[in-house]
Structures are given as structure tokens and as C-alpha cells.
Amino acid sequence: MVNLLFNFSIEERIYKVTEEYGALKMYIFTNETSITQPPRPAILFFHGAGFSNNKQNPSQFQYHANHFSSLGYMTICVEYRPSTIEGLFSPIKCLYHAKSAVRWVRDNACTLGIDPNKIVVAGASAGGYLSLCCAMVDQFNDGSDDLTISCVPNAMVVFNGGVDSQLLISLFPDIAHDLSQASPMQLVKNNLPPSIFFHGTLDKNISHDSVRDFVDQMILYGNKSSLISFDGLGHGFFNFGVHDNIPFKSTIKETANFLKENMII
């Protein structure tokens with residue numbers, strides 16, 4: 001079907017209905033040229049925008065999603081908060097929704113033609129933070145979720161993502177206690193999914209040093225994790241249409257290599 005947010009053919013699915021925001025959707029890419037047969041690996045993309053309403057919406061990753069769809073992945077852009085409502089959105093509520101999205105995909109793997117053991121989460125900025133939290137934060141699950149279905153992904157791809165909740169606490173002081181318990185930096189442990197991070201050295205929103213320290217901690221605990229730095233680039237460097245698409249193409253290539261190395265193909 002045609003959707004005004006997207007430049008490619010997608011299928012809309014409602015994965016959650018909330019009292020506050022109504023229906024939340026997934027946008028599934030339906031690339032008919034792929035030769036990969038089900039069950040396919042899946043990649044869920046969580047957009048950025050700092051938990052605020054602005055032009056960033058689920059279509060942020062549409063060019064990444066379209067590319068990996070052509071390679072045989074089931075790719076899905078996730079709406080974890082509505083783009084039509086003004087204001088800030090609670091990161092904790094967004095985490096509920098992100099976890100619900102992973103669970104919904106895993107629960108519906110057979111119908112979707114997805115391998116439930118090859119589910120990747122990929123996110124930018126706030127979406128990167130949510131991707132990490134799906135794997136690392138045991139708390140903050142929606143009461144309507146079936147908790148017997150895991151929300152832990154099989155791999156994580158993080159584009160200038162937040163790794164510490166301190167900035168969020170300054171923006172959302174009324175939920176500071178909850179956010180302090182949802183800080184990936186303080187929750188590093190062993191046996192986490194493999195991860196790859198892409199970050200610009202001149203990022204003024206989320207410091208490159210904080211991500212480097214996080215990856216060092218991940219490795220110290222025996223996890224498979226790596227950071228690819230982009231010298232002289234700032235926040236959002238990886239988006240399609242930025243910097244002559246050089247970082248976009250580079251992150252696409254490195255992500256494909258990462259997934260192949262971890263047998264998510």
C-alpha cells in the first residue's frame with residue numbers, strides 16, 4: 001500500500017492499542033524481489049527525536065529498511081509514540097511500547113514468516129536507547145504484554161544512541177527514579193546480545209566518549225560489541241541524504257557485515 005510517510009511499498013499493522021495514544025503501528029516493508037524464503041531474519045527500526053514531536057517519525061529509517069528488505073530481511077519501522085501529538089513523551093512509556101513491539105513480532109513470527117531467534121533491533125538516538133533497554137532493562141513492561149514472550153533481541157545496531165539516562169533525568173525530573181533504573185550504562189552484564197555502535201566524534205547531543213566507555217564496559221563483561229567512529233561528524237550523520245550519503249552507505253555495509261558475522265542472515 002502507499003503511505004504518505006514512506007516512499008516505498010509498506011504494509012501497516014497495529015501492534016498495540018493504548019488508552020492515551022490510540023493505535024500504534026508497524027510499517028512492514030514488502031519487497032517482492034527478495035529471493036530469501038521464510039522464515040526470514042527481522043530488523044525492527046526505532047527512529048530518533050529525543051522523545052519529542054518533530055519531523056522525525058517512523059519513516060526515518062525507510063531507506064535502511066528498504067535496502068535490507070532487498071537482501072531478504074523482514075524490515076519493520078516501528079511507531080513507538082504518535083508523530084501527530086505535540087509535546088514530550090515519557091521515555092518509560094516509549095519503552096513499554098518498544099518492548100511490546102519486539103514481543104508482538106516474536107509472537108507473530110510464524111504468520112509473518114520470521115525466524116523468532118533472529119530478531120534485530122536498530123535505533124537512532126532515543127530509538128537507540130530504547131533498543132538497548134529492550135535487552136537490558138527487566139522492569140517497565142506493559143501490563144497487557146505476555147511476559148513469557150521475550151523482548152530481548154538477538155542483536156542490536158545503535159546509531160548515535162543514548163547509553164546513560166542522566167540527560168533524560170534532566171528533561172523528565174518527575175520520573176527520575178524510574179529513569180535511573182533504566183540506564184544501560186549501569187546495567188551492563190554478561191550474555192547480552194551482540195551489538196554494533198555508529199557514532200560521530202563531534203556529536204553534541206550524545207557524547208562520543210560516553211558510547212566508547214559503554215562499549216568498553218560491554219567488552220569487559222565478555223559481550224561482543226564494537227564502536228565505529230565517524231571523525232568530524234555530528235548527530236544524525238548516518239541519515240539518508242546527509243553528507244552525500246557516504247556515512248549512510250558505510251553504516252549499511254558495516255551493519256550487513258555485523259549481521260553476517262553473527263549468523264543473522
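The values are calculated or read from the model by the stated rules, or taken from the named source; none is laboratory data. This structure is a prediction, so every number in the text was calculated from the model and none was measured. We place every Cβ from the backbone using ideal geometry, glycine too, and count neighbours over all the protein chains shown.
Checking each residue in segment 101-125 for being among the hydrophobic types (A, V, I, L, M, F, W, C) and over 9 Å from residue 39 (Cα atoms) picks out 101, 102, 104, 105, 119, 120, 121, 122, 124. Could you check, for segment 178-196, whether at least one of its residues is in contact with a Phe, Trp or Tyr (Cβ under 8 Å, 6 or more places away or on another chain), of a type in the set (A, V, I, L, M, F, W, C), in contact (Cβ under 8 Å) with a residue 60 or more places away in the chain and closer than 25 Å to residue 71 by Cβ? The answer is yes; a qualifying residue exists. Look at segment 118-133: where a residue is surrounded by fewer than 24 Cβ atoms within 10 Å (Cβ to Cβ) and a partner is assigned to a strand (DSSP E or B), sitting 6+ places away or on another chain with Cβ atoms under 6 Å, you get 118/41.
Residues in segment 205-225 that are free of Cβ contacts under 8 Å to residues at least 40 places away in the same chain, in contact with a strand residue (DSSP E or B) (Cβ under 7 Å, 6 or more places away or on another chain) and over 15 Å from residue 191 (Cα atoms): 208, 212. The set of residues in segment 30-45 that are out of contact with any Gly (no Cβ under 8 Å at 6 or more places or on another chain) and at pLDDT below 95 comprises 30, 31, 32, 33, 37.
Across segment 182-204, the number of residues qualifying as surrounded by fewer than 15 Cβ atoms within 10 Å (Cβ to Cβ) and either over 30 Å from residue 260 (Cα atoms) or among the hydroxyl-bearing types (Ser, Thr, Tyr) (or both) comes to 1.
The set of residues from segment 157-188 being of a type in the set (Val, Ile, Thr) and not in a loop (DSSP other than H, G, I, E, B) comprises 157, 158, 169, 175.
Taking the criterion of being at pLDDT 95 or above, in a loop (DSSP other than H, G, I, E, B) and polar (S, T, N, Q), would at least one residue in segment 130-143 satisfy it? Within segment 130-143, one or more residues are at pLDDT 95 or above, in a loop (DSSP other than H, G, I, E, B) and polar (S, T, N, Q).
Of all the residues in segment 3-29, those that are at pLDDT below 80 and in contact with a Phe, Trp or Tyr (Cβ under 8 Å, 6 or more places away or on another chain) number 1. Among residues belonging to segment 210-245 that are over 14 Å from residue 199 (Cα atoms) and assigned to a helix (DSSP H, G or I), point out the one that is nearest to the chain's Cα centre (by Cα). Ranking the qualifying residues of segment 210-245, first place goes to 218. Restricting attention to segment 66-110, the residues being of a type in the set (Val, Ile, Thr) and either modelled with pLDDT of 95 or more or closer than 12 Å to residue 26 by Cα (or both) number 5. A single entry from 160, 154 fulfils the requirement of being in contact (Cβ under 8 Å) with a residue 60 or more places away in the chain, touching an Asp or Glu at 6+ places or on another chain (Cβ under 6 Å) and crowded, with 17+ Cβ neighbours inside 10 Å: 160.
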